[in-house]
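Written below as structure tokens is the structure these notes are about.
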Amino acid sequence: MKHILKFKWPVTVLMLIFAITTFILSPNLTQLATEKGDVQLADDSPSEQARQFLEKYDQDKESMSLVLEFDGKVSANEADIVDYIEEIKSMDDVDNVVNPFEFEDDVQENFINEDNGVAIIPMDYVGSVDDISNVAESIEEANTTEAKTSMTSNELIQNTVEQDAMEGIQSTEMFTVIIVVAVLLIMFRSIVTPFVPVMVVGIAYLIGQSFVAWFVEWFGFPISPQTQSFLIVILFGIGTDYCILLLNRFKEELEHHDKYDAVIRTFSTAGKTVFISGLSGAIVFGVLYFANFEIYRSAVGVALGVVFLLLALFTLLPVLMYLLGRYIFWPNIKKTEFKESRLWTPLGIFSLKYPTRIIFTVFAILIAVALFYNDEVNFDAIEELDDDYSTVHATNVVSENFDEGQLFPVKVILSTGEDMLKSENLSRLDAVASTVSNLDGVKEVQTLTRPSGEAIEGLNVRSQLEQANEGIIDMQDGLAEIADGLDEASSNLSNTETQGGDLSALGDGIEDINSNLSQITEYMTQTGDAEGAAQQLGQVQQGLTTLSDEVAAANEEITAQQEAASQQLTELANGLSDSSEGIREIRDGLEDVSSLMTEINDNEAVDQTGVHVPQEFIDNPDIEDAVDQYAFGDNEALIMNVILEDDPYSHQAMDTLNSVEDAIDGELQRLDREETESYFSGVTSMNRDLNQISNDDYNRVVTIFILTLFVILAVIFRSLVLPISMISSIFITYFASVTITQWLLGLFGYGELNWAVPFFSLIIFAALGIDYSIFIIDRFREELTDRTIRGAIEQSIRRMGGVVITAVIILSGTFAALLPSGMIILIQVASIIIFALLLYAFVVLPLLVPAFVITFRRGNWWPFRMPGGREREEKFRDED
């Protein structure tokens, strides 16, 4: 420190040049957060595997929806809407634009709410993700209808969240500085004092955020939209706290020393505490680098900021103290006497008097409150955004007018690595879709065999057999008519002199065929044996062919005699010709039925599924659009869109997705198709994976965090007992505070916490709150030199109470700067930390810390000796 004061001017100039240069030359951290701050899931997560599979086939498209809101009926504007759709189809980077008017009425209901005048136009975005917002804006500008337009998609929502975060950062910076200055003005009643921390911490922030930006660009340092906000409030919060601690100690030292010695003594005592607190904070935040989840890792930037904060505190602040001296507190330059806290002193003394009761009472109350903690979190990114944003408005309109799951369905991809547009594969696909559609929480399943979301009755084998039976019965009726006609012709021939032969044998043959057909229909009805029916139909076809030939021969014989015959013979010839043609048509019909039976028999999936997708269905030109929509990769992969009944962001939707996944796996095993690969994509799938990964990493990182904090405190204070009491008081305060904050936020509709809030609020509060314990315990350790344990802890409470309360108010104020940001995640984190800090500072610390210390006495340093060693132990009888 003496060298810093000796070279004060070069040090000051170098720090200023360093700050300005780094700020000018470094990349824009806000822009980097926008470009690289997206949520990134692990490569082995199901939704990420689905994304990679789709990307492999160039199918990683973004589903967008254009929402049209009319004052009247949608149908009255059909022509304008169709023209608008055609205009959109001509745009670049847009594909598969859906025209809802091309569907039947029952399908149109998924896209048009006629009563409310709302229509959805789904489409795929196939361009660069960076340009999606511009394309969406161009689509809205191309509107030729009278409707109000808005657009939404998952990527557009993420872009809106980032945009909102960037706007929130600007307000956070301004409010943070204003709040810090205002609180310091009130606390110190000085015009100069507030600007000292602002200048010192401001320079540290400029350097810190510059290096974070460089590390992001050079080394792929983790970053999120919240990184800069947390960096601002934490640096200004703890930086101001450290400045307050040092300034208050400087005020104490000025009572007995000149400004030079006061600076030296301040940094040799309180400076040590600040260094310990700052270093522990940097290490604790640095541990987050080893988290698996990128969003959690993004808070590691704070560790870098704390390092530069310590640099500024130990270079610029002592220079300012030395240059200003007592004038640093102007206009109260003569009022440097110390004032103890009117709150902490009585609470501390009361705690020392009844330590055991205090410990059990405080812990009992906090634990009782913490038991009501609700760990269910919210994944709805829309909830925290204003309806003025186009994508938010579109999503809200769709939720109000259509099924909630319609906008963001679960996309299931099934692939075997071979052509799946075959009867067997499609039969199995429909069976899987049928199983999924019957699950609770699933509204419908849309896929190639059920594009409208409803099963096609004609694909059911039972239905196909019934239709075949009905067709055979119609053929029997036709054959009966032909037999009657032949009998009549035979009777008429017998009354002529023509030698046409007896046609009654042909009628008998038809009756035999009819009898065989009756047996076949009865056989199919009773057994459903397509193979046996097909063989029998083949024999009947042969009989019909023979019969047709015989009728044709009889007709030729009669025709040869027509010139010499009467008009009656001509009519008979025509009748025989019609009969022959009718028999051939019936034979062709039986051939179609026989082919269907053969297809059903050859389809190995029929026995397992009861479904047969005929080749005629696959070759039908009318389903080409459905094939384009639900098949890709040379037809090696098929898509099922699972429409959920619940909000796709909800936990109920995630539970339903788990059921869908289990049902599909079970159905594929039942169908002996374990080799079929299944992938699950969509908002619900991403949030399900996000929930799993965040929970796993939360437990892992918090465990590492606690162990790291324990080791740091054990090394600093040479004790295994003090770290336990300090950490336990932090965590019990946190969970009680979260519970109470949830109740309070619930009054304003924010009760369900954002998924990232529990992690960030816990880590930030624990890292910051532990500083205040360090302030007290380090001062306690210093006072032990000349006092008993009771006297030392009482003096620490008296001396540090005002400092801690002032610091907590400052820190709470800086976090209050996040409240105007409008981002729910920042509002919730700030609310929890503010309440936890106030509860910790005004209740837990003044009661629990002295109670723990006086209860354990010398045992506080177990298994090591207390400060001062044997000499100090012999000097004081701490048991008194």
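The values are calculated or read from the model by the stated rules, or taken from the named source; none is laboratory data. Nothing here was measured: the structure is a model prediction, and the numbers come from that model. A quick note on method: Cβ atoms are made from the backbone with ideal geometry, for glycine too, and the neighbour counts reach across all protein chains shown.
Below are the figures for this structure:
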{"read-out": "Region 811-839: number of residues that are buried (at least 24 other Cβ atoms within 10 Å of the Cβ), among the aromatic types (Phe, Trp, Tyr) and closer than 18 Å to Ile367 by Cα", "value": "0"}
{"read-out": "Residue check, Leu768 within 30 Å of Ile704 (Cβ to Cβ) and not in a loop (DSSP other than H, G, I, E, B)", "value": "yes"}
{"read-out": "Thr160 vs. criteria in contact (Cβ under 8 Å) with a residue 60 or more places away in the chain, in a helix (DSSP H, G or I) and closer than 30 Å to Ile85 by Cα", "value": "yes"}
{"read-out": "Tally of residues being touching a residue at least 24 places away in the same chain (Cβ under 8 Å) and either assigned to a loop (DSSP other than H, G, I, E, B) or touching a strand residue (DSSP E or B) at 6+ places or on another chain (Cβ under 8 Å) (or both) across region 786-831", "value": "9"}
{"read-out": "Search result, residues across region 389-432 that are of a type in the set (Ser, Thr, Tyr), part of a helix (DSSP H, G or I) and closer than 26 Å to Val627 by Cα", "value": "Ser423, Ser427"}
{"read-out": "Residue match in region 209-221 (condition: surrounded by fewer than 24 Cβ atoms within 10 Å (Cβ to Cβ) and outside any helix (DSSP H, G or I))", "value": "yes"}
{"read-out": "Subset tally (residues that are in contact (Cβ under 8 Å) with a residue 24 or more places away in the chain and touching a strand residue (DSSP E or B) at 6+ places or on another chain (Cβ under 7 Å)) for region 58-110", "value": "20"}
{"read-out": "Any hit, region 757-771, residues being modelled with pLDDT of 85 or more and farther than 30 Å from Ile295 by Cβ", "value": "no"}
{"read-out": "One residue from Val302, Val274, Val306 being without any contact (Cβ under 8 Å) to a residue 60 or more places away in the chain, farther than 21 Å from Lys6 by Cα, crowded, with 24+ Cβ neighbours inside 10 Å and not acidic (Asp, Glu)", "value": "Val274"}
{"read-out": "Breaking point among (1) part of a helix (DSSP H, G or I); (2) more than 28 Å from Ile139 (Cα to Cα), for Glu86", "value": "(2)"}
{"read-out": "Given (1) touching a strand residue (DSSP E or B) at 6+ places or on another chain (Cβ under 9 Å); (2) closer than 30 Å to Glu162 by Cα; (3) surrounded by 17 or more Cβ atoms within 10 Å (Cβ to Cβ), number of the condition Leu385 does not satisfy", "value": "(1)"}
{"read-out": "Scan of region 667-689 for residues that are charged (D, E, K, R) and either in a helix (DSSP H, G or I) or closer than 15 Å to Ile639 by Cα (or both), ordered by number", "value": "Glu667, Arg670, Glu677, Arg688, Asp689"}
{"read-out": "Any hit, region 830-845, residues being among the aromatic types (Phe, Trp, Tyr) and in contact with a Phe, Trp or Tyr (Cβ under 8 Å, 6 or more places away or on another chain)", "value": "yes"}
{"read-out": "Enumeration of residues in region 624-646 that are outside any strand (DSSP E or B) and either free of Cβ contacts under 8 Å to residues at least 60 places away in the same chain or surrounded by 19 or more Cβ atoms within 10 Å (Cβ to Cβ) (or both)", "value": "Glu624, Asp625, Tyr630, Asp646"}
{"read-out": "Positions within region 784-827 being over 30 Å from Gln226 (Cβ atoms) and polar (S, T, N, Q), in sequence order", "value": "Thr785, Thr788, Gln795, Ser796"}
{"read-out": "Condition broken by Val844, with the remaining ones in (1) over 21 Å from Phe717 (Cβ atoms); (2) of a type outside the set (D, E, K, R); (3) modelled with pLDDT of 80 or more satisfied", "value": "(1)"}
{"read-out": "Failed item in (1) modelled with pLDDT of 85 or more; (2) of a type in the set (D, E, K, R); (3) over 19 Å from Phe632 (Cα atoms), with Lys36 passing the rest", "value": "(1)"}
{"read-out": "Single unsatisfied condition, Lys6 versus (1) in contact with a Phe, Trp or Tyr (Cβ under 9 Å, 6 or more places away or on another chain); (2) of a type in the set (D, E, K, R); (3) within 30 Å of Leu309 (Cβ to Cβ)", "value": "(1)"}
{"read-out": "Flag for Gly301 being modelled with pLDDT under 90, among the small types (Gly, Ala, Ser) and not in a loop (DSSP other than H, G, I, E, B)", "value": "yes"}
{"read-out": "In region 669-708, residue farthest from Phe293 (Cα to Cα) [restricted to those that are among the hydrophobic types (A, V, I, L, M, F, W, C) and surrounded by fewer than 16 Cβ atoms within 10 Å (Cβ to Cβ)]", "value": "Leu707"}
